[in-house]
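Undergrad: First the structure, which I've put down as structure tokens, then a few questions once you've had a look.
The values are calculated or read from the model by the stated rules, or taken from the named source; none is laboratory data. Just so we're clear, the structure is a prediction, and the values are computed from it rather than from any experiment. Cβ sites come from the backbone with ideal geometry, for glycine too, and all protein chains shown count toward neighbours.
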């Protein structure tokens with residue numbers, strides 16, 4: 001497959017994904033406003049990171065990915081809290097799952113190296 005076609009398909013897929021998630025957050029604005037808030041946070045804080053609006057001397061700053069992801073984490077957290085009673089999940093089970101996930105993250109955080 002041609003590299004230009006693969007790149008074009010990747011861009012088209014990314015645009016469709018952004019448009020789809022944006023449309024879904026707008027459709028659920030009244031019932032689940034936290035999805036719109038989280039997605040707006042993600043998109044709004046992603047703009048300086050990807051180079052559309054340049055902040056400082058760098059053209060792109062991948063090291064700041066954690067800041068836009070705060071919006072995604074907020075939306076997912078509220079969504080889980082909203083849907084947990086529908087599936088019979090108890091708060092203790094959610095706390096346990098969070099603790100296990102956090103331990104994996106803490107374990108991985110020590111494996112990075114400074115340049």
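Undergrad: I'm told residue 78 meets every condition in (1) modelled with pLDDT of 85 or more; (2) part of a loop (DSSP other than H, G, I, E, B) except one. Can you identify the failing condition by its number?
TA: So the condition that residue 78 fails would be (2).
Undergrad: Now, a different point. If you take the residues of the stretch 1-29 that are in a helix (DSSP H, G or I) and touching a helix residue (DSSP H, G or I) at 6+ places or on another chain (Cβ under 7 Å), which of them is surrounded by the fewest Cβ atoms within 10 Å (Cβ to Cβ)?
TA: 26
Undergrad: Same structure, new question: Just to be sure before I move on: is residue 97 at pLDDT 75 or above and part of a helix (DSSP H, G or I) in the structure I sent?
TA: Against the criterion (at pLDDT 75 or above and part of a helix (DSSP H, G or I)), residue 97 qualifies.
Undergrad: Could you please find all residues in the stretch 100-115 being over 23 Å from the mean Cα position of the chain (by Cα) and either modelled with pLDDT of 80 or more or surrounded by 10 or more Cβ atoms within 10 Å (Cβ to Cβ) (or both)?
TA: None; the set is empty.
Undergrad: Going residue by residue through the stretch 59-68, is there one that turns out to be at pLDDT 80 or above and in contact with a helix residue (DSSP H, G or I) (Cβ under 9 Å, 6 or more places away or on another chain)?
TA: Among the residues of the stretch 59-68, at least one is at pLDDT 80 or above and in contact with a helix residue (DSSP H, G or I) (Cβ under 9 Å, 6 or more places away or on another chain), which makes the answer yes.
Undergrad: Examine the stretch 30-51 for a residue that is surrounded by 12 or more Cβ atoms within 10 Å (Cβ to Cβ), more than 15 Å from the chain's Cα centre (by Cα), modelled with pLDDT of 75 or more and in a helix (DSSP H, G or I), and state whether such a residue exists.
TA: Checked against the condition, which is being surrounded by 12 or more Cβ atoms within 10 Å (Cβ to Cβ), more than 15 Å from the chain's Cα centre (by Cα), modelled with pLDDT of 75 or more and in a helix (DSSP H, G or I), the stretch 30-51 yields at least one hit.
Undergrad: To continue, here is another question. Provide a single number: the residues in the stretch 81-90 that are part of a helix (DSSP H, G or I), loosely packed, with under 14 Cβ neighbours inside 10 Å and in contact with a helix residue (DSSP H, G or I) (Cβ under 9 Å, 6 or more places away or on another chain).
TA: Summing the residues that are part of a helix (DSSP H, G or I), loosely packed, with under 14 Cβ neighbours inside 10 Å and in contact with a helix residue (DSSP H, G or I) (Cβ under 9 Å, 6 or more places away or on another chain) in the stretch 81-90 gives 2.
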